[in-house]
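Structure, as C-alpha cells:
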Amino acid sequence: MARAPLLQLTDISLTFGGNPVFQDLSLIVQQGDRVALVGRNGSGKSTLMKVMAGLVEPDRGEVILGAGAHVGYMEQDPDLSGFQTLGEFAASGLPESEAYRVEMAAEGLKFDPARPVSTASGGERRRAALARLLAQAPELMLLDEPTNHLDIEAIGWLEDHLSQTRAAYVIISHDRAFLRRLTRATLWIDRGEVRRQERGFEHFEDWREAVWSAEDDARHKLDRKIKAEARWAVEGISARRKRNQGRVRALADLRAERAAQIRRQGTAAMAFEAGPQSGKRVIEAQGITKSFGDRTILKPFDLRVKRGDRIAFVGPNGAGKTTLIRMLTGEIPPDQGSVTLGTNLDLAVFDQTRSALNPDQSLWESLTGDPEMRVSGRADQVMVRGQPRHVVGYLKDFLFDDAQVRAPVRSLSGGEKARLLLARLMARNSNLLVLDEPTNDLDVETLDLLQDILGDYDGTVLLVSHDRDFIDRVADTTIAMEGDGRAVIYAGGWSDYRAQRGEDAPATAPVSEAPARKPVSAEKPKAAKSGLSFTEKHRLEELPAVISRLEAEIAKLSAFLSDPDLYATAPQKFEKATAALSERQSALEAAEEEWLLLEEKAAG
C-alpha cells in the first residue's frame, strides 16, 4: 500500500547573491520516512530544510504540504525573546495537559526547564528548541544538527526516542553513528542536484563513490572524444562541405558540454605540522583532584601521557572533561597533587565555543589580525608554519572562495566557522593538540580528512568529543569521566571502552581515596586475577592498539611503495620506505606472537 506524501517539492529553484542554490529540484517526503540529508558544507542542506519548513520562499516552484500534516523544524539559533525560562519556551503552543512532554524531553536531553533564558548557554537554548519540537510531535520533523551540544548519554536517549517514534523525519548531522542507526533513506545534495537513495546513511559512501566513479568515466570518454574530434578538425577538413561543418559544430557542442560540467568541490588542503619534537614524556599527573564548592569534579587521578598518544575524554556534559584537560595542560592548578609538563611543548587549542573568532571581523581580518600569523609590513600575507602566504590563497586551501574573503565571520555556516578556526590553528607549528569538540558541523569529507591528518600528526592529541565514530577512528586511549569525580582509563576508542565496561554497565574501576599510586602511561583498570604479572597484564592490554597501529603503518607504506616510478624518481625515499616496511612487518609479527603467548598464559 502506497504511503501518503507529507511534503512535496516540485521544480524548486532558488538563487542567493546571483548564484543558483537549486534548480528544478523535486522531492517527496512520505509517512514513515527516516531520511539523512547529506552534502558538503555550503551545499545548501540547511537552506533546503528551511524551504521544506516554509521559512525560505523559493524563487520558483511549489511546496505542497499533505492534508492535515504538521511540519516541525528545529532551529539552529532559536529566538527565546519574550520567554522567562527554557521550559516556558519549550512548552509554548502546547495544551497544558501535554506540558509533561517537555519535562520528559528535558530529562532525556539534560537541561533544566526552570533555567532563566537570560542565563542559559547556547547549548541549553538548542536543547530547549529540540525539546519543544519533540513535545509538539509533528508528523514530519526537520532536525538540523540535533546532536550538537548533546553529550553521548543524551544522544543515546534521542536515538532511542527517534527510533520509536511513528513520525517521519529528515536529519542533517555530522554524527555517522547517529545517522547509521536511524536512517533508511538518503538525500544527497551535490552541486545543486539532489539525489535520493532508498537506503540509509550506512550505504552513502559506497553510493557516492559509485556515482563519482561513473562521472569520472563519462568525463574521460568525453575528453577522449573531444581530443579525437579536435585532431580531425585540424587534420581532416579538406573542403567546406556541409557534413564537415556539421562535425565542427558537433565538436563545439562537445566542448560546451564539457565546460558546463560542474567540477566537484575538492577537499580542504589541511595539515597539522608538528613543531620541534617534544620530550618522550609529555604530561605526568600524580594524585590530582579538583572541586568547586561542595561538588567534586575529580578524585585522585594519575596519568602519564607519552609523545604520540591520542587520548579521548568522554562523559556527560558538566562532568569535568574540559577542566581535567585544563589541569593537564597547566592552565589551571589542581587542588591536590601535581602536574609536570614535559620539555619543548608547543600547544595548540581548538575551542568548541569558537571564542577565537570575532563575528564582526571579515575572514581576511580574522587571519591578518592574529599576532602569530601577522607578517610585518605586509597586510595581504600571513605566516603559515614559518612561510609567508597570501591571505586569499591560504583561505582557498580551506575551500573559501573570493567572495567570502571580505565577508563577516558571522555570515559563515557552522562548518565554515570550524574550517576557519582550523585554518588559524594549522598555520602554526605544534606538538600538543587540544581538540574540544572539533567535529561539530563539519561535513563527512572534512571529517575524513581531519581523521587522516591526525593519524599522520607526529605530536600528541587530547580530544574531547561526543562523536563516537570519530573517537573510534582517532583515539588509542579513552578516559571516561562518570560524573561522580571518577576518571577511568580504557585502552582503545569508544567501542573498546563500551566493550570493556560491559555495554551499559557502570564502570568497574574501584574508587579510592588513598594516596595516588606511581603513575603509568594510560593505566588501565586491573584485569581479573590470572597467571600474569602486573607488567604482563598491562602489556596484554596495550598490544591490540600496538598491532592496529603497525597494521595501519604497513598499509600506508605499502601504498606508498606501489608507485612504479618511485624507485627511478626517488631512490632514497624508496630505500627508506622499504626498510621501514620490513621493520614494521617484523615488529607486527613479534607483537602478534607476544599477544598469543600472553593470551595463552592468561587463560591457563
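Computed from the coordinates by the stated procedures, all read-outs in this text should not be read as laboratory data. None of the values given here were measured: they were computed from a predicted structure. Every residue, glycine as well, gets a Cβ built from its backbone with ideal geometry; the counts of neighbours run over all protein chains shown.
So here's what we get for this one:
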| read-out | value |
| --- | --- |
| Förster radius 56 Å - calculated FRET efficiency between Gln277 and Ser92 (Cβ-Cβ, nearest 0.05) | 0.50 |
| Tail fraction, Cα-Cα pairs, the stretch 5-206, threshold 25 Å, whole percent | 37 |
| Packing-based ranking, highest mean first, of 143-151, 339-347 given that Cβ atoms within 10 Å are counted | 143-151, 339-347 |
| 16 Å cut-off, amide nitrogen to a point 7 angstrom out along Asn344 Cα→Cβ, residues in the stretch 305-332 | 306-309 |
| Cα gyration tensor, the stretch 312-373 - rounded (a/c under 1.5), prolate or oblate | oblate |
| By average C-beta atoms within 10 angstrom, highest first, the peptides 187-193, 30-36, 578-584 | 30-36, 187-193, 578-584 |
| Theoretical gain in end-to-end length, Arg385 to Phe560 [0.36 nm per residue, Cα-Cα removed] | 60.5 nm |
| Diffusion coefficient, µm² s⁻¹, Stokes-Einstein with Kirkwood Rh over alpha-carbon pairs of the stretch 544-603 at 37 °C and 0.692 mPa s | 257 |
| Global size of the stretch 318-438 as Cα Rg and Dmax, reported in angstrom | 16.3, 52 |
| Sequence ranges 409-416, 205-212, ranked by mean other-Cβ count within 10 angstrom, highest first | 409-416, 205-212 |
| Asn429-Arg196 FRET efficiency (beta carbon distance; Förster radius 35 Å; 0.05 resolution) | 0.20 |
| Label-point separation in nm, His203 to Arg406, each point 7 Å along Cα→Cβ | 4.8 |
| Two-site FRET efficiency, Leu65 against Asn358, from Cβ-Cβ distance with R₀ of 56 Å, rounded to 0.05 | 0.85 |
